[in-house]
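A.B. asks: Pasting a structure below so you can have a look.
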Amino acid sequence: MEKVLGTEIVKRGMAQMQKGGVIMDVVNAEQARIAEASGAVAVMALERVPSDIRAAGGVARMADPHIVEEVMRAVTIPVMAKARIGHIVEARVLEAMGVDYIDESEVLTPADEEFHLLKSDFTVPFVCGCRDLGEAARRIGEGASMLRTKGEPGTGNIVEAVRHMRKVQAQVRKVTLMSDDELMTEAKILGAPYEILKQIKVAGGLPVVNFAAGGVATPADAALMMELGADGVFVGSGIFKSDSPEKFASAIVQATTYFNDYDLIGKLSKELGAPMKGIDISKLSQEERMQERGW
Amino acid sequence: MRRITIGVLGLQGAVQEHIKQIESLGHDSAIIKHPEQLDHIDGLILPGGESTVIRKLIDRYGFYEPIKQFASKKKPIFGTCAGMVLVANMLHESPDSHLNLIDICVKRNAFGRQKESFEAMLDVKGMKTKYPAIFIRAPYITKAGANVEILTTYENHIVAAKQEHILVSSFHPELTGDNRFLNIFVDMVVKSLTTITN
């Protein structure tokens, strides 16, 4: 009865268990405990939430392992952490520490402007951001076990996450309706691995879970992303940059589960206090747009 | 045999995977998001997910008593992974148990963190060939009462068991194309219907 670790089913399956849930960014043990108590399915341990990364400027790197360990000790739910795009060693360090999922994330400053990590080489599963099916399929081809929209992190503005989710969903629908002889040209147009598109066509959908991320700030935002076909939601700055993190966290969790119960979402949204202050994305310069990172 | 309907508690977790497997066996399925729906199903699956989250939503949306009543009518319940944690009478080194429907003590994340998650071929009671079991941050059973039937073990830990109308597994039958484990549950549901109607 031999045990096989880190298989595709085991890595993708871990993300499937997170479906219908909310993954919350936290920067210390106290926040992690609040997130767990509010019903987060996992926490993302970071040194700074994306809006603070924007404010701080400079190079954003993997969190201090001390913070990650502190969070891992504080909660029983899975703990994720971010490594820079293409930073093999940050990813290996996080894997060695035993984090449950690594986000190869455009929120951090990329370490490699040409190549992403070969994620299939790792035992730990990875989540990656995408804006369209080409990007999604390339990440799956490299071994990502879970996807999320990139959105525009740290802005509290849902517009980019909506754009990316709609784009991916529309392109997936198109591929599933294509005839076999059209797929290769579509692969060329999208810059997507042909084999992955074939899998999508046969299965009638993406082979991995796809969450929404990058701008979710309210219960209605979370429900909107579920309505558009997200399998779950990441909330970065939206919880702990709001007026009342416990209330926001709990309301966003419930709105994600009951995303088409509008009476309930109305009730959940009442008197929550102010959400995080948002940013008009058109005011961001090209260099400030995190979604352009990754290739 | 009349058609049976199996519900999957749809609060969080791998719900759709169970639904697909139920339908692949030719049975009716239902995603259960409201307690009233329990009146219309013959068996209930508590899926894999995060047990802490599912428990919170069970309480907040008034599922606790209805699920207890469902079980008290001897209607079958199948808990996979997080679902097994939810139905156990006791949790290892913790005073908090949840639905208390089966005489077992369960240890959460017992095999370790995600990087220790694994697949293994297991001998399951009643199956002629080995069964592909998928363990994801899986729990196992540390103690089982005398009336609990042990269906399989891994490295000397109990990872699937049954007591009357309650079935549990540490692993995820819904992630494989092998329907044999779900069939154990389907048989329980069919049998319960004959007993209940008689």
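A.B. asks: Considering every residue within the stretch A:95-103, establish whether at least one is open to solvent by less than 10 Å² (accessible area, probe 1.4 Å), among the acidic types (Asp, Glu) and touching a helix residue (DSSP H, G or I) at 6+ places or on another chain (Cβ under 8 Å).
C.D. replies: Yes, the stretch A:95-103 contains a residue that is open to solvent by less than 10 Å² (accessible area, probe 1.4 Å), among the acidic types (Asp, Glu) and touching a helix residue (DSSP H, G or I) at 6+ places or on another chain (Cβ under 8 Å).
A.B. asks: For the stretch B:136-158, indicate whether the set of residues that are polar (S, T, N, Q), within 17 Å of residue B:90 (Cα to Cα) and either within 14 Å of another protein chain (Cβ to nearest Cβ) or open to solvent by 40 Å² or more (accessible area, probe 1.4 Å) (or both) is non-empty.
C.D. replies: For the stretch B:136-158, residues polar (S, T, N, Q), within 17 Å of residue B:90 (Cα to Cα) and either within 14 Å of another protein chain (Cβ to nearest Cβ) or open to solvent by 40 Å² or more (accessible area, probe 1.4 Å) (or both): present.
A.B. asks: Still on this structure, I have one more. With the condition kept exactly as written, say whether any residue in the stretch A:132-153 is part of a loop (DSSP other than H, G, I, E, B), open to solvent by less than 10 Å² (accessible area, probe 1.4 Å) and of a type in the set (S, T, N, Q).
C.D. replies: Scanning the stretch A:132-153, I find at least one residue that is part of a loop (DSSP other than H, G, I, E, B), open to solvent by less than 10 Å² (accessible area, probe 1.4 Å) and of a type in the set (S, T, N, Q), so the answer is yes.
A.B. asks: For the stretch B:1-30, enumerate the residues that are touching a strand residue (DSSP E or B) at 6+ places or on another chain (Cβ under 6 Å), facing chain A (nearest Cβ under 10 Å) and not in a helix (DSSP H, G or I).
C.D. replies: B:10
A.B. asks: Within the stretch A:16-44, how many residues turn out to be within 7 Å of chain B (Cβ to nearest Cβ), among the aliphatic types (A, V, I, L, M) and farther than 19 Å from residue B:59 by Cα?
C.D. replies: Result for the stretch A:16-44: 1.
A.B. asks: Taking residue A:60 as the residue in question, decide whether it is surrounded by fewer than 24 Cβ atoms within 10 Å (Cβ to Cβ), away from chain B (no Cβ under 14 Å), of a type in the set (A, V, I, L, M) and out of contact with any Ser or Thr (no Cβ under 9 Å at 6 or more places or on another chain).
C.D. replies: So residue A:60 does not fit the description; no.
A.B. asks: When you go through A:107, A:89 one by one, which is the residue that is over 16 Å from residue A:28 (Cα atoms) and not in a loop (DSSP other than H, G, I, E, B)?
C.D. replies: One residue alone meets the criteria, A:89.
A.B. asks: With the checklist (1) closer than 22 Å to residue A:11 by Cα; (2) open to solvent by less than 10 Å² (accessible area, probe 1.4 Å) in hand, flag the one item residue A:86 doesn't pass.
C.D. replies: So the condition that residue A:86 fails would be (2).
A.B. asks: Of the numbered conditions (1) more than 10 Å from chain B (Cβ to nearest Cβ); (2) within 19 Å of residue A:147 (Cα to Cα), residue A:13 fails exactly one; give the number of that condition.
C.D. replies: Answer for residue A:13: the failing condition is (1).
A.B. asks: Here is a further query. Could you list, in sequence order, the residues of the stretch A:262-274 that are open to solvent by less than 50 Å² (accessible area, probe 1.4 Å), closer than 12 Å to residue A:223 by Cα and without any contact (Cβ under 8 Å) to a residue 40 or more places away in the chain?
C.D. replies: Of everything in the stretch A:262-274, those that are open to solvent by less than 50 Å² (accessible area, probe 1.4 Å), closer than 12 Å to residue A:223 by Cα and without any contact (Cβ under 8 Å) to a residue 40 or more places away in the chain turn out to be A:264, A:266.
A.B. asks: Looking at (1) under 25 Å from residue B:136 (Cβ atoms); (2) among the small types (Gly, Ala, Ser); (3) not in a helix (DSSP H, G or I), which is the one condition that is false for residue B:83?
C.D. replies: Exception for residue B:83: condition (3).
A.B. asks: What number of residues within the stretch B:71-90 are in contact (Cβ under 8 Å) with a residue 12 or more places away in the chain and surrounded by fewer than 24 Cβ atoms within 10 Å (Cβ to Cβ)?
C.D. replies: 6
A.B. asks: Which is closer than 24 Å to residue A:127 by Cα and either open to solvent by 50 Å² or more (accessible area, probe 1.4 Å) or at pLDDT 95 or above (or both), of A:238, A:232?
C.D. replies: A:232
The values are calculated or read from the model by the stated rules, or taken from the named source; none is laboratory data. The structure presented is a predicted model; accordingly, all values stated were derived computationally and were not measured. Cβ sites come from the backbone with ideal geometry, for glycine too, and all protein chains shown count toward neighbours. What goes into the accessible areas is simple: the full protein's heavy atoms, side chains included, and nothing from ligands, DNA or RNA. Shrake-Rupley method; radii C 1.70, N 1.55, O 1.52, S 1.80 Å.
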